[in-house]
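Inspection log for the structure reproduced underneath, given as structure tokens.
The values are calculated or read from the model by the stated rules, or taken from the named source; none is laboratory data. If you're wondering where the values come from, they're calculated on a predicted model, not measured in any experiment. Glycine gets a Cβ as well: all are built from the backbone with ideal geometry, and neighbour counts include every protein chain shown.
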Amino acid sequence: MGSVLLYVGAALAAIYIGFGVVLLFLQARLLYRPLRDIAFTPEDVGLDFEDVTFRTQDGLALNGWYVPADEAPFTVLFCHGNAGNIMHRLDTVSLFHRLGLSCFVFDYRGYGRSEGRPTEVGTYRDARAAYDWLTQSKGIAAEQVVLLGRSLGGSIAAHLASQVDTRTVVVESAFTSYLDMVAQMYPYMPIRLFARFRYDTQAHLARARCPVLVMHSRDDELVPFEFGRRLFGAAREPKRFVEITGGHNDGFLTSGDLYKSAWMEWLDFVDEDRPEPAIR
């Protein structure tokens, strides 16, 4: 009996160690899930757009779509999530266009038609390059730029908000940090000992130099609602928290008028450029 238990214990230990090795070496593949093919453009949903190629500080050519709206008071710089490419964000782009907002959505390195391979530092550089294109090449004033980050993009947008001038940053369905997220997903693994990424959204947001809107759903099946509350707690005033509905990937659609109203009320507020106590 003792030898059987020893054998079983050794087998379980081997499986545990093997799974740890997989997590160690495949973290990038688990985190970044890019798709290269782009089958649809804003033109397919009836929107005029500019197909943009711009370069990062380290020389990579990235691709993005600039979708203007007539007399738009703001332009949304959209940092998307970890999967797919800009083609999969047409619902969001269309929504902003209906709200009278211009939008610039871009692909990180390794996504869509953008060159390179994704890395944490690389995604930060990509967002900065998109911001620079918008404010320098396109000539849009920093105070007219609204940063939006959804899911992984929330960490990237929060990092950018800590580095540049912008009217506001909106963080939607985002995690507090990569370490917190993987600890949530793999509570039985000492992932913090060998994590290759940080994406410390909470720390980035605490350094953001602009008003902050945090959106999160209690129904989010991937990123816990509590993470959204912690991000809100870390942000400086003025700030606001809006509880939306729906799942991780469709909350902006499921929430309907709630989501749209939250955006317009927040933009009305930041357009006033006045301080206000934190709400919710």
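Considering Tyr199, Tyr178, which residue is under 16 Å from the mean Cα position of the chain (by Cα) and modelled with pLDDT under 95?
Tyr178
For Arg236, only one of the following conditions fails: (1) at pLDDT 95 or above; (2) of a type in the set (Lys, Arg); (3) not in a loop (DSSP other than H, G, I, E, B). What is its number?
(3)
Only residues that are surrounded by 14 or more Cβ atoms within 10 Å (Cβ to Cβ), over 19 Å from Phe227 (Cβ atoms) and among the acidic types (Asp, Glu): list them for region 241-261, please.
none
Being within 14 Å of the chain's Cα centre (by Cα), buried (at least 17 other Cβ atoms within 10 Å of the Cβ) and either more than 22 Å from Phe252 (Cβ to Cβ) or not acidic (Asp, Glu) (or both) is the requirement here; does Thr75 meet it?
no
Pairs under 8 Å by beta carbon, first residue over 21 Å from Asp257 (Cβ atoms) in region 89-111, partner in a strand (DSSP E or B) and hydroxyl-bearing (Ser, Thr, Tyr), six or more apart or different chains?
Listed by first residue and then by second, the contacts come to Ser102/Tyr66; Ser102/Thr75; Phe104/Tyr66; Phe104/Thr75.
Just to verify a result, which residue in region 145-169, among those that are under 17 Å from Arg230 (Cα atoms) and part of a strand (DSSP E or B), is farthest from the chain's Cα centre (by Cα)?
In this case the residue turns out to be Val169.
Would you be able to tell me the number of residues in region 97-132 that are more than 21 Å from Val67 (Cβ to Cβ), crowded, with 20+ Cβ neighbours inside 10 Å and in contact with a strand residue (DSSP E or B) (Cβ under 6 Å, 6 or more places away or on another chain)?
1
Within 25 Å of Phe269 (Cα to Cα) and of a type in the set (Asp, Glu), is that true of Glu221?
Criteria not met by Glu221.
Test each condition in (1) more than 19 Å from Gly153 (Cβ to Cβ); (2) in contact with a Phe, Trp or Tyr (Cβ under 7 Å, 6 or more places away or on another chain); (3) part of a strand (DSSP E or B) for Ala195 and report the one that comes out false.
Here Ala195 meets the rest and fails (3).
Could you list, in sequence order, all residues of region 37-53 that are over 12 Å from Gly64 (Cβ atoms) and not small (Gly, Ala, Ser)?
Of everything in region 37-53, those that are over 12 Å from Gly64 (Cβ atoms) and not small (Gly, Ala, Ser) turn out to be Asp37, Phe40, Glu43, Asp44, Val45, Leu47, Asp48.
Looking only at region 170-184, decide whether some residue is part of a loop (DSSP other than H, G, I, E, B), touching a strand residue (DSSP E or B) at 6+ places or on another chain (Cβ under 8 Å) and crowded, with 24+ Cβ neighbours inside 10 Å.
yes
Considering region 102-127 alone, what residues qualify as being under 22 Å from Phe49 (Cβ atoms) and either in contact with a Cys (Cβ under 9 Å, 6 or more places away or on another chain) or of a type in the set (D, E, K, R) (or both)?
The answer is Val105, Phe106, Asp107, Tyr108, Arg109, Arg113, Glu115, Asp126, Ala127.
Would you say Thr135 is buried (at least 23 other Cβ atoms within 10 Å of the Cβ) and β-branched (Val, Ile, Thr)?
Here the answer is no, as Thr135 does not meet what is asked.
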